[in-house]
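The values are calculated or read from the model by the stated rules, or taken from the named source; none is laboratory data. All values reported here derive from a predicted model rather than from experimental measurement. All Cβ positions, glycine included, derive from the backbone under ideal geometry; neighbour counts span all protein chains shown. In case anyone asks, the SASA skips ligands and DNA or RNA and just uses the protein heavy atoms, side chains included. Shrake-Rupley method; radii C 1.70, N 1.55, O 1.52, S 1.80 Å.
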Amino acid sequence: MIILGIETSCDETAAAIVVDGKKLLASVVSSQINVHKNYGGVVPEIASRKHIEAITYVVKDAINSAQIKIDDINAVAVTQGPGLIGSLLVGFSFAKAFAYARNIPCIQVNHLEGHINSVFLEDNPPCFPFVALLVSGGHTNIYYVKTNTDFELMGQTRDDAAGEAFDKVSKMLGLGYPGGAILGQLAEKGDPYKIHFSRPYLDKDKFDFSFSGIKTAVKRYIETNKDNYQNMIPDIAASFQESVIDVLSYKIINASIQRKCSSLAVVGGVAANKKLRERIISEAKPKSITVHIPSISLCGDNAAMIACTGFYKIQSTPYVDNDINKTYNLDVFSKDTALQKNKLRNCLSPQ
Ligand code: KG4
Ligand code: ZN
């Protein structure tokens, strides 16, 4: 089964062609970073307009790169949420229209389920059940994964997501946007033990997170040392990163031990962080836990993970309602109000 995946939940317009949920024929991601960096964060209204401009070209590019004909596509899978309302609507409307015109099913996919399934696009995917750490700009969640479509949420952040904390600290240090990757690179040049920022483990046996305290501690450090912190930026970055990684790796290793899982996965944009990848692999090894982390291009937002999840969804629920007149389920949006506010706040002010 050849599935066209479409993802437009935030600031990337993406399309991919995936065969049987695992063979990736093409993955095209058109990023809007250059537009949003002028504002220091994603501006939702601009994001949706940019998706409209890009979507047709991105889908055509994916079909051409996959070297298939449009008639070969058996189904469309599209991100339903969570994400920015206007951005989601662009991908969703395009996918519905495409499916209707070609008389093929349109499968709605949850973005977070997409990230979890991204490890199934790699060779040697994990065996069920396993635990997954989803670390992105909007979420920091731990799941017990029973099948490709059945996940139990074990814990989540109570305030900032880990990626959001990276982005905000990067902004405080004047490193620019998007902050995670820049801060991660700079941290490699700094001393991770130079400054001790607290480790918010909360209840050590449970799996909730809190990152806003570390972020505030960095802010205080900068204020207290305003005359000389500029020379210490790599050390601040490395020390901040170290405290976030300590918590993330502790929690996911503990989750796999508690649930007796011999495999764990790390997915989402922050899973691209070199130090986080190395740390989790090195801590899992002596405990005989196998670690699955997608390649860098599949950590950030992409449509391959959406097409992959669409394949498993259509296997478990073969009936797909393709009624073009049915509008988007607005309940999904209202649940995402907090995320919307966060993105907006993020873009207006770093703290
Ligand atoms: O999954 P993703 O592309 O989008 C969301 O679903 O949010 O994740 C984006 C997040 C951003 O916060 C970005 O700063 C962070 O992932 N990120 C990183 C790195 N690369 C991206 N954070 C830390 N280290 C990185 N190398
Ligand atoms: Zn994402």
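Out of the strands (runs of 3 or more DSSP E) lying entirely within the range 110-176, which hold 3 or more residues that are crowded, with 20+ Cβ neighbours inside 10 Å?
Working: elements: 130-135, 140-147, 150-156.
Because the criterion is at least 3 residues that are crowded, with 20+ Cβ neighbours inside 10 Å, the strands (runs of 3 or more DSSP E) in the range 110-176 that meet it are 130-135, 140-147.
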> Can you find a residue in the range 245-266 that is more than 12 Å from ligand 1 (Cβ to nearest atom) and free of Cβ contacts under 8 Å to residues at least 24 places away in the same chain?
Replying inline: yes
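Being assigned to a helix (DSSP H, G or I) and away from ligand 2 (no atom under 16 Å from the Cβ) is the filter here; which residues of the range 177-199 pass it? Quick ask: steps written out before the conclusion?
Going residue by residue through the range 177-199, those that are assigned to a helix (DSSP H, G or I) are 179-187.
Listed by number, the residues that qualify are ILE182, LEU183, GLY184, GLN185, LEU186, ALA187.
Please specify each residue of the range 123-141 satisfying the condition of being under 17 Å from THR290 (Cβ atoms) and within 16 Å of ligand 2 (Cβ to nearest atom).
Of the residues in the range 123-141, the ones under 17 Å from THR290 (Cβ atoms) are 123-133.
ALA132, LEU133 - these are the residues of the range 123-141 that are under 17 Å from THR290 (Cβ atoms) and within 16 Å of ligand 2 (Cβ to nearest atom).
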> Among VAL270, VAL266, VAL247, which is the only one that is open to solvent by less than 30 Å² (accessible area, probe 1.4 Å), in a strand (DSSP E or B) and either within 16 Å of ligand 2 (Cβ to nearest atom) or touching a Pro at 6+ places or on another chain (Cβ under 8 Å) (or both)?
Replying inline: VAL266
> Across the range 273-310, what is the total count of residues that are surrounded by fewer than 17 Cβ atoms within 10 Å (Cβ to Cβ), within 18 Å of the chain's Cα centre (by Cα) and either touching a residue at least 40 places away in the same chain (Cβ under 8 Å) or more than 13 Å from ligand 1 (Cβ to nearest atom) (or both)?
Replying inline: 3
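Can you find even one residue in the range 187-195 that is of a type outside the set (Phe, Trp, Tyr) and under 30 Å from LYS313 (Cβ atoms)?
No, that holds for no residue.
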>> What are the pairs with Cβ atoms under 7 angstrom where one residue, in the range 98-122, is over 26 Å from SER295 (Cβ atoms) and the other, located anywhere, is within 11 Å of ligand 2 (Cβ to nearest atom) and outside any strand (DSSP E or B)? Sequence gap at least six, or different chains.
In response: none
> Of the residues LYS69, LYS96, which single one is away from ligand 2 (no atom under 16 Å from the Cβ), over 26 Å from ASN124 (Cβ atoms) and open to solvent by less than 50 Å² (accessible area, probe 1.4 Å)?
Replying inline: LYS96
> Does LEU84 satisfy being out of contact with any Asp or Glu (no Cβ under 6 Å at 6 or more places or on another chain), within 16 Å of LEU298 (Cβ to Cβ) and either within 16 Å of ligand 2 (Cβ to nearest atom) or at pLDDT below 95 (or both)?
Replying inline: no
>> Quick check on my filter: what residues within the range 13-24 are surrounded by fewer than 18 Cβ atoms within 10 Å (Cβ to Cβ), on the phi < 0 side of the Ramachandran plot and in contact (Cβ under 8 Å) with a residue 24 or more places away in the chain?
In response: LYS22
> Among the residues of the range 108-122, how many are away from ligand 2 (no atom under 13 Å from the Cβ) and either among the charged types (D, E, K, R) or modelled with pLDDT under 95 (or both)?
Replying inline: 2
>> Give me the helices (runs of 4 or more DSSP H) completely within the range 1-104, filtered to those with at least 1 residues that are over 25 Å from THR140 (Cα atoms) and touching a Pro at 6+ places or on another chain (Cβ under 9 Å), ordered by residue number.
In response: 85-102
